[in-house]
Amino acid sequence: VSRAGIICCGRMLRKDGALVRRMKWHTNFVTSVCESDGIIVSGSYDTTVKKWNPSTGECVGTLEGHSRGVTSVDANSRIICSGSWDGTVRVWDAAATATESKAVGHNINVKWVRFNREGDKLMSSAGVHNDEYCVWDCATGDLVHTSKDEPSMEIFDMSTARER
């Protein structure tokens, strides 16, 4: 879902359900969509992350590097991140139109990825039954915090990557 509307089944729809445009999508299910600075970013089980121009519906970049399906994407003005069933979190330069990424890893399926407000830290969750929650420094790729307990945003300060 974006401010412009809903994206599903290769179509961009307004929030009232009217078709805005058809888009040539991924070759497998789209699992995650976000919007940042006028660009739509999508992740798919086809292992790719794609950047879209919402005005034209054209793909403006395909980011490759995951070996299994992409489960989650998030973006800000500088960085696109993606998590995958391959156990990696990839961090991409938002201006990239081809594959250039830095990978940081879990040892099991990544469920979701999210930036903090400042865009300098990234939180990810991975696991099947006993989830692992990690906070990464976007500039260095270093792991700065890990927990087996789901951190509550009320007690977790994403700017410092520490529990309050």
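Every number here is computed from the coordinates shown, using simple stated rules; none is lab data. Just so you know, these numbers come straight off a predicted model, no measurement behind them. Because the Cβ atoms are built from the backbone with ideal geometry, glycine has one as well, and the counts that use them run over all protein chains shown.
Under 5 Å between amide hydrogens, built in the peptide plane, is the criterion, and for residue 68 it picks out 86 among residues at least 5 positions away or on other chains. For residue 112, the residues whose amide H sits under 5 Å from its own are 125, ignoring neighbours fewer than 5 places away on the same chain, with H placed 1.01 Å from N. For the range 44-93, a simple Cβ point-charge model (Lys and Arg +1, Asp and Glu -1, everything else neutral) yields a dipole of about 80 debye relative to the Cα centre. In plain terms, the chain from residue 95 to residue 148 could stretch by 15.7 nm, reckoned as 0.36 nm per residue minus the Cα-Cα distance. Spin-label model, residue 117 to residue 132: label points 7 Å out along the Cα-to-beta-carbon direction sit 3.0 nm apart. 3J(HN,Hα) along the range 69-84, derived from phi through the Karplus expression 6.51 cos²θ - 1.76 cosθ + 1.60 where θ = phi - 60°, amounts to x, 7, 9, 7, 10, 8, 8, 9, 5, 10, 9, 10, 10, 9, x, 9 Hz, with x in place of Gly and Pro.
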